[in-house]
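The values are calculated or read from the model by the stated rules, or taken from the named source; none is laboratory data. Computed from a predicted structure; not experimentally measured. Backbone-built Cβ (ideal geometry, glycine too); neighbour counts: all protein chains shown. All accessible areas refer to the heavy atoms of the entire protein, side chains included, with ligands and DNA or RNA removed. Shrake-Rupley method; radii C 1.70, N 1.55, O 1.52, S 1.80 Å.
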Amino acid sequence: YAVCGAALAVAAVAAVLPRLSEPARLGVAGIAMTSALSIAVVPLAAAVQQAPIREAALLCHEKGWQPIVWGMSAPTFSVYRGAPTPNRDPVAGDIVLTKVKRMAPLEQRGAEVLFRKRGIVLLRMNS
């Protein structure tokens, strides 16, 4: 909030400074708002988006599971887990990272949900 507030204050001050031309005031306001987005908002949104991937990877690491990825691309999963993660079709006994919207065919094959959060799921293939 502090970064966005500071950017808003800079933009407000630039808007009322009589010595600056209108294009200069708009430029200062644009730079301030772009900086606030880059410094505060984008990293926060990225952290929220990556949280379920990170949690699933740490769970796999903690449990000693050797998961695979199916139906999605998640390179950061391997980074958080600390090991490469193959991307292939699941077979019986696999721990599978996928998206909730893609889990129906796996559930029909007897998959058990081990972890589910904000659209990300870890499944164990039982058959």
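Residues of region 104-127 that are in contact with a Gly (Cβ under 7 Å, 6 or more places away or on another chain) and surrounded by 13 or more Cβ atoms within 10 Å (Cβ to Cβ): MET125 alone. With respect to the conditions (1) more than 30 Å from VAL16 (Cα to Cα); (2) touching a helix residue (DSSP H, G or I) at 6+ places or on another chain (Cβ under 7 Å); (3) without any contact (Cβ under 8 Å) to a residue 40 or more places away in the chain, ASP94 falls short on a single one, namely (2).
The C-beta contact set for region 42-71 (first residue in contact (Cβ under 8 Å) with a residue 60 or more places away in the chain, second residue surrounded by 13 or more Cβ atoms within 10 Å (Cβ to Cβ) and part of a loop (DSSP other than H, G, I, E, B), distance under 6 angstrom, 6+ apart or interchain) comprises ILE53/ALA74; CYS60/PRO67.
So for region 25-37 (the condition being under 24 Å from ARG118 (Cβ atoms) and either assigned to a loop (DSSP other than H, G, I, E, B) or out of contact with any Lys or Arg (no Cβ under 7 Å at 6 or more places or on another chain) (or both)), does at least one residue qualify? Yes, the conditions are met somewhere in region 25-37. Within region 90-103, the residues that satisfy the criterion of being over 12 Å from VAL69 (Cβ atoms) and open to solvent by less than 50 Å² (accessible area, probe 1.4 Å) are VAL100, MET103.
Return the residue satisfying two criteria in turn: it lies in region 66-89 and is within 11 Å of LEU122 (Cα to Cα) and part of a loop (DSSP other than H, G, I, E, B), and of such residues it is most open to solvent (accessible area, probe 1.4 Å). The residue in question is TRP70.
Within region 13-41, residues that are open to solvent by less than 80 Å² (accessible area, probe 1.4 Å) reach partners that are of a type in the set (D, E, K, R) and at pLDDT below 80 with beta carbons closer than 9 Å, at six or more positions or on different chains, in the pairs ALA14/ARG25; ALA15/ARG25; LEU17/ARG25.
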